[in-house]
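Each remark here refers to the structure printed beneath this line.
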Amino acid sequence: MALSLRKKQLDLITRMLHLNQQQPSPDGGGGGEGDEEAYKILVMDGPCISLLSPVLRVGDLRKHGVTLHLNIDKARQQVADAPAVYLVRPTPANADRIAADAAAGLYASFHVNFSTSVPRPVLDRLAAATAASRSAHRVARVADQYLDFVCLEDGLFSLAQPRAYVALNDPAAADSDITSLVEAVALGLFCVVATLGAVPIIRCARGGPAEMVAAALDARLRDHLLAKPNLFTEAASSAASSFQRPVLCLFDRNFELSVGIQHDWSYRPLVHDVLSFKLNKLKLPTEKYDLDDSDPFWVANSWSPFPKVAEEIEAQLAKYKQDVDEVNQRTGGGRDGVEFDGTDLIGNTKHLMNAVNSLPELTERKKMIDKHTNIATALLGHIKERSLDGYYECENDMLVNGTVDRNMLLSLLRGKGTKEDKLRLAVTYLLSFEAPLASELEQVEAALRESEVDMSAFQYVKRIKSLNTQFAAASSTASRSNIVDWAEKLYGQSISAVTAGVKNLLSDGRQLALTRTVEALMEGKPNPEVDNYLLFDPRAPRSGTGGQFRGPFREAIVFMIGGGNYIEYRSLVELGQRSQPSKHVIYGATEILNGVEFIQQLAELGQKAGLGGGGSSNLPPQ
């Protein structure tokens, strides 16, 4: 596919590690000649360490001549004969540290790479400081790399911008704060499309943060395209095979609030929700694991329901034992109850060599089986302790069927589960019905109070649901001149979109409203759901809308402002797989959140609005 985000980001990082020289070989190689392949130091700040972590491991860095990778914020020793590659965000503090390092002569030469476009004041600051210390000659190169996003998979990325949902919906937020965040999101998306080398056609709903980000990105792209050559002309000259542009679909988290809260029963969302899974790395109390496309079991089973995953682990273990027994029998070592360990190898030379050759593969399989057995065991402990299967079943009934078993609902709210589990269930109940029965709603609130759950998030969603009724008539004609007053109007408008069609929310093969909308935008046919969506084409003249291309599109980038999740990612992956001809969809968000993290952001907004109480707060300190 043309939109191979992870590969293109990796290619740019590899070129940077080779001092911005184009690499003819795809892997870059570690056995090159000359000064370029001499060892070098890599210096990064915290955000860029997170950026690099999912795409390159320590062993990969060594292949590219990196012998040390260091944090710019920590004390570092002088390595005067080695060049240093810096990858940092363009901040005044980082510019000062680079200038101080150059003044101290820490490294032989400085190849400075900013993760995104460097503002002129920061560049002037670096130049002035190095000139003052007479160390400017050590700075070999300064480059903008436009890499400021975290690519978790080929079709999944995050801008690593935490708490954007709170910042955008805080009623006390200043206009300048919201404008700064919108510009930061637009800049992050600019990095994504620049890395892909494709100028997208942008679609979004009217009003709210999605339109603001679309307008800011459109303006940034238009300004960049005025320069010749630019990042996109370079990409076009190197890859002229794809003539069609992608569509960039922008959404606000309020478009489909319940998906960010609900429990899920699939392996990958469960691991993300229940265990400490960040940047494709999982931390258990005694082990650390990488979970990415290098793990064939994870690739094959991560979207399967948890019970099927447990069955598959058992099947893989049985197959492993069978293969070990076969090797033992061929080599004459098939004694009952003795696992093959490579020490009891006798027999003819042919069987011996086959057994030796199979050892590495068997060892890797055993490590993989042990890894997923440990993960499944940890998940099972949480499932039993918190009745997560019950939460999933109850929420699924409400979201898919539009029905609720009141006894089951109240039993879960009063029974097992964390306070966040109960709060998520209650908020899902609130979002699943246009007008819940007053008596039932009172019982839900009473059950939450009995369990000492902080009611802030529940009361917050309840309040914005009521605002929906008040603002429904005005929302279509209201002025959007004030960028802060969208909160109440858009909350209501978007929750109405969710609750009005809730019976279809996960039906039709568990297709989300987000996926339906993306599918309609990619088809480009007249559709009442998307006919009023705005269209921005950065390559088109500013005046007039004649000739604007509305589809169909083979490739799409779907971006969720305010936090995304693995449930939406899975739904979009399935959309691409079932389409004929197949479509390619990349999913991204300001951050990838699990249900606990998102409910905490809702609770924080509830507390800022003076709502809630009735229990102890589980919010982390800011």
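The values are calculated or read from the model by the stated rules, or taken from the named source; none is laboratory data. Note that this is a predicted model, so its numbers are computed, not measured. Every residue, glycine as well, gets a Cβ built from its backbone with ideal geometry; the counts of neighbours run over all protein chains shown. In case anyone asks, the SASA skips ligands and DNA or RNA and just uses the protein heavy atoms, side chains included. Shrake-Rupley method; radii C 1.70, N 1.55, O 1.52, S 1.80 Å.
Using the Karplus equation 6.51 cos²θ - 1.76 cosθ + 1.60 (θ = phi - 60°), what ³J(HN,Hα) coupling, rounded to whole Hz, does each residue of the stretch 188-205 give in order, writing x for Gly and Pro?
x, 5, 4, 4, 5, 6, 5, 5, 6, x, 9, 8, x, 8, 9, 10, 7, 6
Using a 1.4 angstrom probe on the protein heavy atoms only, could you order HIS137, HIS224, HIS263 from most to least accessible area?
Ranked from most to least accessible, the order is HIS137, HIS224, HIS263.
State, to one decimal in nm, how far the label point of ASP11 lies from the label point of SER411, with both points 7 Å from Cα in the Cβ direction.
Computed distance between label sites ASP11 and SER411 equals 5.7 nm.
Shape call for the stretch 85-220 from the C-alpha gyration tensor, a ≥ b ≥ c root eigenvalues: rounded (a/c under 1.5), prolate (a/b greater than b/c) or oblate?
prolate
Among GLN459, ILE369, VAL427, pick out the residue whose Cα is farthest towards the positive end of the charge dipole of the stretch 369-463, where Lys and Arg carry +1 and Asp and Glu carry -1 on C-beta, about the Cα centre.
ILE369
Suppose the chain between GLN548 and LEU437 were pulled fully straight at 0.36 nm per residue; how much longer would it get relative to their current alpha carbon spacing?
35.2 nm
If the reach is capped at under 18 angstrom between alpha carbons, list the aspartates and glutamates near LYS462, excluding any in the same chain fewer than eight residues apart.
In chain and number order, the partners are ASP170, GLU256, GLU395, GLU420, ASP421, GLU434, GLU440, GLU442, GLU445, ASP454, GLU488, GLU604.
For the stretch 50-121, report the translational diffusion coefficient in µm²/s to the nearest whole number, using Stokes-Einstein at 25 °C, 0.890 mPa s, and a Kirkwood Rh over Cα pairs.
Diffusion coefficient, whole number: 184 µm²/s.
I need the shape label for the stretch 387-468. Rule: rounded when a/c is under 1.5, else prolate if a/b > b/c, else oblate, with a, b, c from the alpha carbon gyration tensor.
oblate
In square angstrom, rounded to the nearest 10, how much accessible surface does VAL518 have for a 1.4 Å probe?
0 Å²
Could you give the nm distance between label points at LYS367 and LYS608, where each point is 7 Å from its Cα heading toward the beta carbon?
It is 4.5 nm.
Along the three principal axes, how long is the stretch 91-137 when you take its alpha carbons, biggest first, rounded to the nearest angstrom?
Projected onto its principal axes, the Cα set of the stretch 91-137 covers 26, 19, 16 Å.
From largest accessible area down, sort ASP45, ASP293; use a 1.4 Å probe on the protein chains.
From most accessible down to least: ASP293, ASP45.
What is the extension gain from LYS228 to VAL299, computed as 0.36 nm multiplied by their sequence separation minus the C-alpha to C-alpha distance, in nm to one decimal?
21.4 nm
Can you give me the Kirkwood hydrodynamic radius for the stretch 159-233, using every pair of distinct Cα atoms, in Å to one decimal?
13.3 Å
With every protein chain left in place, what is the accessible area of ARG97 in Å² (1.4 Å probe, nearest 10)?
Spelled out: ARG97, probe radius 1.4 Å, area about 90 Å².
Starting from the Cα of LYS228, draw a straight line to each of the lysines and keep only those under 23 Å, dropping any in the same chain fewer than 8 residues away.
Candidates past the 8-residue exclusion: LYS8.
Length gain on complete extension for the stretch LEU534 to ALA446, per 0.36 nm per residue less the alpha carbon to alpha carbon distance?
27.3 nm
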